[in-house]
Each structure stands twice: as C-alpha cells, then as structure tokens.
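Asks: Following this message is one structure expressed as structure tokens.
The values are calculated or read from the model by the stated rules, or taken from the named source; none is laboratory data. On a predicted model such as this, the values are computed, not experimentally measured, just so you know. Every residue, glycine among them, receives a Cβ derived from its backbone with ideal geometry; neighbour counts consider all protein chains shown.
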Amino acid sequence: MFRSKTFSLLKPISLMSGQPRLAYKCIHPAIASHGHRCHRRSVDARERYKSCPGSAGGRTISAPQTKIMAEEELPGVLILDIGGTHGVLENLAVLLKKHFCLITMKEFLENKKEMSKKIQSVFVFECRPTIDQELLESLPNLKVIGNSGVGVDHLDLKMIANFGIKVTNTPHAVADSTADMGMALMLASARRLVEGCQIALSPDTKYFAVDWLGVEVTRATLGIIGMGNIGYKVAQRARAFNMRILYHNRNQRKEEEEAVGAHYCEKMEDLLQQSDFVMLVVNLTPETHKLIGKKELGLMKPTATLINISRGAVIDQDALVEALQNKIVRAAALDVTYPEPLPRDHPLLKLNNIIITPHIGTATVQALRMMAEEAIANMLAVLNGQPIPSEVFPK
Amino acid sequence: MEGQELPYVLIDYIGGKHGVYEDHIEFLEKYFHLITMKEYLENKKLLGKKIRAVYMWYQKPVISEELLQNLPNLKIVASSGVGIDHLDLNLLSSYGVKLSNTPFAVSTDTADFGMALMLASSRRLVEGHQMAISPDTEYFPADWLGAEVSGATLGIVGMGTIGYKVAQRAKAFEMKILYHNRNQRTKEEESAVGAIYCKKIDDLLQQSDFVLLSVKLTPQTHRLIGKRELELMKPTATLINISRGLVVDQDALVEALQNKTVKAAALDVTYPEPLPRDHPLLKMKNVIITPHIGSATKKTRRLMMENMMESIQAGLSGLPIPNEVLL
C-alpha cells in the first residue's frame, strides 16, 4: 500500500502504527545542513485509493496522476499539526505525504524564511489552521487552500481571492455520512432514543412504562431546507421510510424531484407549516444566517422536530431555546451549534427535548479518509494546472 | 342501558404504568363493556359467565388455567403487539379459546426503530450527546469517530414483515443486504430490496457489519445467538436486537463485548425487562439499551387497539378473525 523512501534519519514507519509524530516529519530543520528537501518517490500512473478493509464497500476517490518528479521537491502543504486534539489524524497525514511535503505550523513558525517559499497549499482540517491576512502575506507561493469538508464559512473567501489563491472543498466525500447523520438524528429524536436509553440504564428504573411514546417517522412529512448534495441524499433515504418529502431550495431541482418524490416549496413558510420534521441542510452564508428564527419556529407545527446538520448559526439559538421551552416545537436535534461546544451553562444543554451531538456529521473513518483524498485531488489539480473538481468562489 | 347489550371484555386496568390507555377507552367502550380485573375479582360469580373476550394489553391480564376455568364463555384473547411468547398456546387451545395479535400495526415502527438503533450505534449518537452536554467538555476532539452505515453490509436474521421493512429502508442507504430466514423469499421480493439469501446463518454472521435480529421467539430461536455465533461475527460488527431478549445468550454477549469479539450492541429488548440494575450490560460504553419501545408511537398504539377491537368483534360474531394466530 504505502511505500516510500525514507531518510536515514527516520525509522521506517507503518500505517496507523501510533508512532510519535516526529516519524512523519520530512526532516528536522535543526538537522538539515543544506536546506529542506522532501523525499521523492516515483509512482505509477493513476492510483486508486481504497477505503480501509472492512469499511464501507469500495467507494473510492481516485487521485490524479502524480508526475514522476525528477530531482524536484514535492509541493509543500501546510497543516496545523499531526495528531493531538486538533491536528490532522495520523492516517490522513500518511495520505498527504504521498503527494506533499508536510509542514506543520510549528515547523513553519520556527523557520519562516525557509518554509514560507515551500508552502504551495494549505490543508484545512476541522477549520484549522486559521487563515488570516498575516498568514497569506507570509506565503508568497501559496496557490490553493484545500478544505477538508464542504462548509467554508470559516474562510474569508473574498480576502483569499484577493491574494489570487484558490479555495477548494469536498462536497462528495461528506454527503453520505452527513445524510446518514441527519437520518440518525431524526429517528433518535422522534423515537426518544437518548431518553429511552437513559431510562433503560438508570439505577432508579424499576419498570418500563407502557405509555411512554414517541412519534412516527414512516409516512410523516419531512421538509428539507437546502437540497444540495447532502439534502438530496437525505431525501433518498427518507423516501424508503415512505415519508412525504417537501423541499425548499434556492433553485428548484425538477429532474431529481421525481426520483425521490419531493415537492418543491418556493416559499419556506409552506414547508414549515406542513412538516413534521424540518431538516436544515443549507450552507452558511449571509443569506442563511439565522434563517430559522422566532417567526419560522412559530410557523412550525407544535408537534414538529427541528434537525440541524448544517451550521449552528443558521438557527437563532435564543429563539430556539424559547420555542423549545414553550413547546412551540416538540423537539430539536442538533449536530451543530454556535459555538462548538456550547458554553456549559447554555440553556440548550438543560432541555430534555433536545439531542445535541458534537459535530460528528462526517466523523467516520471512511468519510475522513475520503475527504482527505478529495482535498488532495483538488489541491493537486490546482498545482498541476488541471481542471479543479470542487473550487469554491466568493459571492 | 347500552352497556348491557355490548359484549363483556376483560382488561387488566386503565391508565397508570401498565394499563389500557385512557384515551383509548372512549373508543373501546363504543363496542365493549369493559370489565377490569379488580371488578371481576370482586364479582367473579356473575361476571365470570359474562366475559367473552380478553383484551390483553402488554401481556396483562395474565391468562392462567384458573382464569380460563372461571370464564366458561371466553371465546377469544386479543394480544397487543406481535410477540406471543408470553402465552401458553396449548393451554388456550385446550380450552377452545382463539387468539389474535397485531403483527402489521407494529411492523413499520419496529423496522424504523431497528434503523434508529443501527444508526445511533454506528455513529455513537448516545455517547456523542453525553459529550456534547457534559459539564466537563471543553472541546470536541478531532479523533472521535464512528463508522459508516452507508455502503456497509447488513445481515437480517428473520426476514418476516419487520425484517423486510428493515431491508427496504437499508437499501436506501446503499447497504449490502444479506438475510437468513426459515424459508427463502421470492425472487421478486429479494430483488426489490437487493437482499441475498444466506441459507446458513454462519455465512451471514461472517460477512455482516451489522447483524439485526428480527425473528420471533420460539423454542428454535431461543439463544439463537450464542458464543459460537458471536465469534463468527466480525470484531468490527454490531449486534442489533429488536426481537426478544431471549434470542440472545446474554451472558455470552457480555463476554463477547468485554473481549471485543464484537464491537457493539444495540438492544431494544433484554431478558428480563428491565435488567437488574447491576447487570454488566448497563455499564458498557459500547452498548445502547432502550426500554422496549420498538412500537411505541401514539399512532401505532392506537392502530393496535383498533386491530384488537376488530379481532374481538369478529371472534365473537363467528366471522373470520383478522390477525388470528392459529393454535
């Protein structure tokens, strides 16, 4: 699978071995005598990157052909860190290393002069490293910021564009796992799964009451706000539950409507008034900021559930607290909040008709791997002057 | 006046933790004169002869031989839900009493719940929620991961009405679906959900990422999943039980989870329910247990009630009984 020449300074490394981070560094600047040189490797044409064995069957994203670099360096990619609380996961760093010379923020800051010229790309993982003006000014050869994930609301697209730097995201890699998460939250909320689990495990439980009920999902009405890649996959799944599917989107999707039996609601109000479950699957932009506020919650059925798998700021959180407390809506299930995590004294944490998950919409081994592969493919396309699969443009 | 003409039907009690739902009573009283166990016991001599049906809501009232002897005109027992493992079928048969259940009313909700458990388990939803609300949480770690449902392999053990509905739902997640059943389903049924028959349960166990049990409990399925079966499963696999606790050898399951023979379990049913509060299953991070809520929605419970009413009516009129369980 993964083979590379290693410097004599480094011990051979194996995948996901839990080796300390040092093993992945190209070379320690203190040891380098004649500048930083990343090892090169020759690769055959088109490699296919398969997911881990035993994982979701065979979905792959193929990396573009890496040219055989004769005595040239691999392009440098800046990452926050490898491992630790917020760093790139070790097995993903291994993927990056096939095509890039990895430079961590620490290495960069310790040797800005040397490193800054090497860095042609930045791999933004879980919104880090932070891309600000100062950073961009210090990276004269930066061509592309490859984001892991589809949301780019944490990036100042205009500012980045002003530097002539491209931004790419990973819309395909996130779709299945995020749609799955939306369905998981809808089902868990409707059937009061978390509460039920607490009862089943509680030391005080003596019996299971028979009048303890949730609400149905099958044949209920699901309103999808934002029918992009992810929203469409949600609709595909919901259809198998015989749900009646409404959707609101900037544009109607006539061809796909029939395939999933979805009805277009030009006015979001219509969707809100008819839905038993309202699922937010939009991206966060100035237009969708606080899209769901007091008015929108008031339009929803009192028996309805709000599910958010987009971004916390799409909802007016204070209005949501009020709506849940006053039973304006039945319940909410949020994979995203603003901020993440919420302050520990936030009222949302105290409600019993809410499920909150720690932004795990793409937190699967398979999805993270696919996101890294998609980001790599995008970054390489930019650096090789090829068509870019998923470029994001400022408005 | 009306009450005297309506057939007398025995129930356990109304409301409270285990009784017939109060908001069902109005409907039922249009068709039956309901007698609670308390009322019956206070006036056995008179009421015993009048009672012609038992409305068994969540396994109550319990049917004993003594009760059957004292209800000479009992024609039919309508049992809520689909499971009948709590009933002595031979006993009923020997008294010439007919039996009905509610298999179709529960099927959709139970299938939905099987999917809910599978998704919640694979994505660590309960653990995630606990982290999100815990007072100790300062940040969300990047290496906190679950596993995909989409594209994974689901093995359905027991492809009856419920199992088939699970397959229909799982198909939309592009899951590979294997199934084991007493009988193979028709080609059309198989291809509609893309399900592949595994004549030997071993084949299913060895290939599945998720093993979902949707069999009914019979002497043949008692402890169907034991140490051997758990060892055949992948160490990365999850066991989901929406059938009956006794289908699984619980001690073997505890051991398998502790030794990481299997990755996780999600159980809507256990034996007994609830489990004793010191049971090892309650302490395991990789186990989700829910309080037997597979069919616990308002609509479904109401539908069950209506089905039971229809079965009793038919049974008392000598008409073909909907949802009859042949004894």
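Asks: Identify the residue in the range B:266-280 that is at the interface with another protein chain (Cβ under 9 Å from one of its Cβ atoms) and touching a residue at least 24 places away in the same chain (Cβ under 8 Å) and, among all such residues, is nearest to B:Lys17 (Cα to Cα).
Replies: B:Glu273
Asks: For B:Gly83, work out the one condition from (1) more than 9 Å from every other protein chain (Cβ to nearest Cβ); (2) out of contact with any Lys or Arg (no Cβ under 8 Å at 6 or more places or on another chain) it doesn't fulfil.
Replies: So B:Gly83 meets the others, but not (2).
Asks: Residue by residue through the range A:223-259, note down the ones that are farther than 25 Å from A:Gly149 by Cα and modelled with pLDDT of 95 or more.
Replies: A:Arg239, A:Ala240, A:Phe241, A:Asn242, A:Met243, A:Arg244, A:Ile245, A:Leu246
Asks: I would also like to ask the following. Condition first: under 27 Å from the mean Cα position of the chain (by Cα) and either away from every other protein chain (no Cβ under 14 Å) or closer than 30 Å to A:Asn169 by Cβ (or both). Can you find one or more residues in the range A:200-222 that meet it?
Replies: yes
Asks: Separate question: Between B:Val97, B:Val77, which is within 27 Å of the chain's Cα centre (by Cα), farther than 28 Å from B:Lys165 by Cα and free of Cβ contacts under 8 Å to residues at least 40 places away in the same chain?
Replies: Within the list B:Val97, B:Val77, the selection yields B:Val97.
Asks: Restricting attention to the range B:64-79, which residues are surrounded by fewer than 16 Cβ atoms within 10 Å (Cβ to Cβ) and not polar (S, T, N, Q)?
Replies: Once the filter is applied, which keeps residues that are surrounded by fewer than 16 Cβ atoms within 10 Å (Cβ to Cβ) and not polar (S, T, N, Q), the range B:64-79 yields B:Glu65, B:Glu66, B:Pro72.
Asks: Out of A:Ile165, A:Ile199, report the one residue that is at pLDDT 95 or above and closer than 30 Å to A:Phe100 by Cα.
Replies: Within the list A:Ile165, A:Ile199, the selection yields A:Ile165.
Asks: Quickly run through the range B:116-141 and pick out the residues that are at the interface with chain A (Cβ under 7 Å from one of its Cβ atoms), among the aliphatic types (A, V, I, L, M) and either surrounded by 23 or more Cβ atoms within 10 Å (Cβ to Cβ) or touching a residue at least 12 places away in the same chain (Cβ under 8 Å) (or both).
Replies: Answer for the range B:116-141, where residues must be at the interface with chain A (Cβ under 7 Å from one of its Cβ atoms), among the aliphatic types (A, V, I, L, M) and either surrounded by 23 or more Cβ atoms within 10 Å (Cβ to Cβ) or touching a residue at least 12 places away in the same chain (Cβ under 8 Å) (or both): B:Ala116, B:Leu119, B:Ala120, B:Leu125, B:Val126, B:Met131, B:Ala132.
Matching residues to (1) within 23 Å of the chain's Cα centre (by Cα); (2) outside any loop (DSSP other than H, G, I, E, B); (3) surrounded by fewer than 19 Cβ atoms within 10 Å (Cβ to Cβ); (4) of a type outside the set (Phe, Trp, Tyr):
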{"residue": "A:Thr288", "(1), (2), (3), (4)": "yes, no, no, yes"}
{"residue": "A:Glu296", "(1), (2), (3), (4)": "no, yes, no, yes"}
{"residue": "A:Pro302", "(1), (2), (3), (4)": "no, no, yes, yes"}
{"residue": "A:Ile307", "(1), (2), (3), (4)": "yes, yes, no, yes"}
{"residue": "A:Ala313", "(1), (2), (3), (4)": "yes, yes, yes, yes"}
{"residue": "A:Glu322", "(1), (2), (3), (4)": "no, yes, yes, yes"}
{"residue": "A:Lys327", "(1), (2), (3), (4)": "no, no, yes, yes"}
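Asks: Going residue by residue through the range B:107-115, is there one that turns out to be surrounded by fewer than 19 Cβ atoms within 10 Å (Cβ to Cβ), of a type in the set (Asp, Glu) and either facing another protein chain (nearest Cβ under 7 Å) or part of a helix (DSSP H, G or I) (or both)?
Replies: Scanning the range B:107-115 turns up no residue that is surrounded by fewer than 19 Cβ atoms within 10 Å (Cβ to Cβ), of a type in the set (Asp, Glu) and either facing another protein chain (nearest Cβ under 7 Å) or part of a helix (DSSP H, G or I) (or both).
Asks: Criterion first (more than 22 Å from the chain's Cα centre (by Cα) and farther than 19 Å from B:Asp112 by Cα) does B:Ala237 satisfy it?
Replies: Yes; evaluated as a whole, the condition is true for this residue.
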